Amino acid sequence: MLSKALITDVLTAAVTTGGDFAELFIEERDNGHMTLVGGKIEQSLSGKDFGVGIRIFNDLASVYAYTNNASRENLMKVAREAALAINNSHVCQVLDLREDKVITSHPIRLMPDSVPKLRKVQFMRQGYDAMINYDPMITQGKVTYLEGTQHVLIANTEGVCIEDTRVRSRIVFQAIATKGTEMQTGVHSPGAHVGCELLEDMDIDYIAKDSARMAKTMVEAGYAPSGKMPVIIGNHFGGVLFHEACGHGLEATSVAKKTSVFTDKIGEQVASPLVTAIDDGTIPNAWGSMNIDDEGASMQKNVLIEKGILKGYMIDKLNARRMNMSPTGSGRRQSYRFAPTSRMTNTYIAKGHSTTEAIIADTAYGLYAKHLGGGSVNTATGDFNFAVREGYMIKNGKIIKPIRGATIIGNGPEILKKIDKVGKDLDHGQGMCGSISGNIPTNVGQPTIRVSDITVGGRDGK
């Protein structure tokens, strides 16, 4: 991407005013995006992006600059201008750059550019037909396909010089059911660190029909009751609650500033003894996995909470200095336009021993939130509210009816202590996580869990 001589010269220029560390992040990216609505391709876009980010540390201070002009003259100019913000009598020496090679843990069978666009459209039409023909109540269908190939080179004054290629594909099925003036949506959006084998290996009919089933079930459902009650949260994307309400509080981005409720609590009981929570960027071909993070460090499996005891945080290179701890392979960024910081990868609650059927049978009265939708979270306090995309009421240990319009409202750290059942059906869902270093792909995951009581917001007042 750039010659080693140029990389060395730019890093040297970046520390001429006394910075004690400098880093280059060089990125080439190809993106594709198609949308099918009403059986026809409505949008088909593709593009390329290239740029270079330069980051300099001086003790706990940092400077970040980026450019999409990779000429020698411009890169040296950007490095010198960024260095002007750093002033230190000590001058860092650039070490010889090592010949690091990534051994990929995420093999790609079908690179996106090896499969004709027509073949991808055939898969999208198959999914659309499966949704729209599921039931007369399904009045609209939409299929979106996204693919991206990102090649990065990361070099720094500690001698790191390493490259990685990340390939990701995702398809989103969205079905809308209509009954009178009421409309409800069912969505599934699988994705992975793979190429077009995502489409080839997927049971498209099953996933598309399940999106339609969800929409039809909810449009025929009555409104949810309100009040405090036990809530069973389904596996897969149910993990978004832990991700949003607790996971962000375990990132060094907030811990180092002491704005997290988990700050200085390592070794303390912060959750039910049934809860073990993990962030694992090494899961083969998972949506949030990579070979190296965006600071050039190998990905790790980080145990955050073990049997309810806080064991660690997700830590990037700069916040490691601030916290006097070691980085955990958690430095991530959307692109060269963002400086990296600590972020989640594939974050999940580990499986327990109960079956979903046993958890439901053990619940006298409560809500089964089979699929969660969007929500909002105060990451400083953990206060949250999430919409229930697909929900059912439970009475005397049995599911009695579907309900719609429910929201669950609570506080993440408090909810962790109220988990009294953990299933063994661990599964992961895919999402895009937004934070100060941009939007990045992350897995959220959990088995089915039960929380002894959560406030449920509903409309029927019972």
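Some notes on this structure:
- Contact map, the stretch 1-23: residues that are open to solvent by 60 Å² or more (accessible area, probe 1.4 Å) paired with residues that are not in a loop (DSSP other than H, G, I, E, B), Cβ distance under 6 Å, separation 6+ or inter-chain. Pairs shown: M1/I26; M1/L153; T16/A83.
- Cβ-Cβ distances below 9 Å connect the following pairs, each with a first residue in the stretch 147-160 that is touching a residue at least 40 places away in the same chain (Cβ under 8 Å) and under 20 Å from V10 (Cα atoms), a second residue that is of a type in the set (F, W, Y) and in a loop (DSSP other than H, G, I, E, B), and a separation of six or more residues or different chains: V152/Y336.
- Residue tally, condition over 21 Å from G445 (Cβ atoms) and not hydrophobic (A, V, I, L, M, F, W, C), over the stretch 178-196: 8
- Taking the criterion of being surrounded by fewer than 21 Cβ atoms within 10 Å (Cβ to Cβ) and either out of contact with any Lys or Arg (no Cβ under 9 Å at 6 or more places or on another chain) or among the aliphatic types (A, V, I, L, M) (or both), the residues of the stretch 369-384 that qualify are G375, S376, N378, A380, T381, D383.
- Flag if A79 is in contact (Cβ under 8 Å) with a residue 12 or more places away in the chain, touching a helix residue (DSSP H, G or I) at 6+ places or on another chain (Cβ under 9 Å) and part of a strand (DSSP E or B): no
- Answer residue from the stretch 337-365, given it is in a loop (DSSP other than H, G, I, E, B) and among the β-branched types (V, I, T) and is surrounded by the fewest Cβ atoms within 10 Å (Cβ to Cβ) among those: T355
- Filtered residues of the stretch 360-407 (kept if touching a Phe, Trp or Tyr at 6+ places or on another chain (Cβ under 6 Å) and at pLDDT below 95): L372, G375, V377, G405
- The residues on offer are Y348, Y368, and the sole one that is among the hydroxyl-bearing types (S, T, Y) and touching a helix residue (DSSP H, G or I) at 6+ places or on another chain (Cβ under 6 Å) is Y348.
- Among the residues of the stretch 106-149, those identified as β-branched (V, I, T) and crowded, with 22+ Cβ neighbours inside 10 Å are I138, V143.
- Among the residues making up the stretch 27-45, a single one is modelled with pLDDT under 95 and under 30 Å from F338 (Cα atoms): Q43.
- Criterion (under 22 Å from the mean Cα position of the chain (by Cα) and not in a strand (DSSP E or B)) met by exactly one of D425, D460: D425
- Members of the stretch 263-285 found to be under 20 Å from S437 (Cβ atoms) and touching a Leu at 6+ places or on another chain (Cβ under 8 Å), listed by number: D279
- Pick from the stretch 33-76, criterion of a type in the set (K, R) and assigned to a strand (DSSP E or B), ranking: farthest from the chain's Cα centre (by Cα): K40
- Of all the criteria given as (1) within 30 Å of V167 (Cβ to Cβ); (2) open to solvent by less than 10 Å² (accessible area, probe 1.4 Å); (3) of a type in the set (G, A, S), the one not satisfied by G434 is (2).
- Identity of the residue in the stretch 135-163, of a type in the set (D, E, K, R) and over 19 Å from the mean Cα position of the chain (by Cα), that ends up farthest from L199 (Cα to Cα): E158
Residue-by-condition table, conditions (1) of a type in the set (D, E); (2) under 26 Å from E390 (Cβ atoms); (3) out of contact with any Lys or Arg (no Cβ under 8 Å at 6 or more places or on another chain):
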site	(1), (2), (3)
G191	no, yes, no
Y223	no, yes, no
I232	no, yes, no
H243	no, yes, yes
V261	no, no, yes
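One line per residue, one yes/no per condition, for (1) out of contact with any strand residue (DSSP E or B) (no Cβ under 7 Å at 6 or more places or on another chain); (2) under 30 Å from L75 (Cβ atoms); (3) basic (K, R); (4) in contact (Cβ under 8 Å) with a residue 24 or more places away in the chain:
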site: G249; (1), (2), (3), (4): yes, no, no, yes
site: T253; (1), (2), (3), (4): no, yes, no, yes
site: A271; (1), (2), (3), (4): no, no, no, yes
site: T276; (1), (2), (3), (4): no, no, no, yes
site: D294; (1), (2), (3), (4): no, yes, no, yes
site: Y336; (1), (2), (3), (4): no, yes, no, yes
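- All positions within the stretch 394-417 that are within 12 Å of G458 (Cα to Cα), open to solvent by less than 70 Å² (accessible area, probe 1.4 Å) and in a strand (DSSP E or B): I403, R404, T407, I408
- Exactly one residue out of K265, K257 is basic (K, R) and modelled with pLDDT under 95, and it is K257.
- Test: residue in the stretch 311-327 that is open to solvent by less than 40 Å² (accessible area, probe 1.4 Å), within 21 Å of L60 (Cα to Cα) and β-branched (V, I, T): yes
To keep it simple, each residue is scored yes or no on (1) modelled with pLDDT of 95 or more; (2) assigned to a loop (DSSP other than H, G, I, E, B); (3) closer than 22 Å to V451 by Cα; (4) more than 19 Å from the chain's Cα centre (by Cα).
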| site | (1), (2), (3), (4) |
| --- | --- |
| A320 | yes, no, no, yes |
| M325 | yes, yes, no, yes |
| T328 | yes, yes, no, no |
| S335 | yes, yes, no, no |
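- Against the list (1) open to solvent by less than 10 Å² (accessible area, probe 1.4 Å); (2) under 21 Å from the mean Cα position of the chain (by Cα), the condition G308 fails is (2).
The values are calculated or read from the model by the stated rules, or taken from the named source; none is laboratory data. Fair warning: this is a prediction, and the values are worked out from it, not measured in the lab. Cβ: placed from backbone, ideal geometry, glycine included. Neighbour counts: every protein chain shown. Note: areas computed on protein heavy atoms with side chains; ligands, DNA, RNA excluded. Shrake-Rupley method; radii C 1.70, N 1.55, O 1.52, S 1.80 Å.
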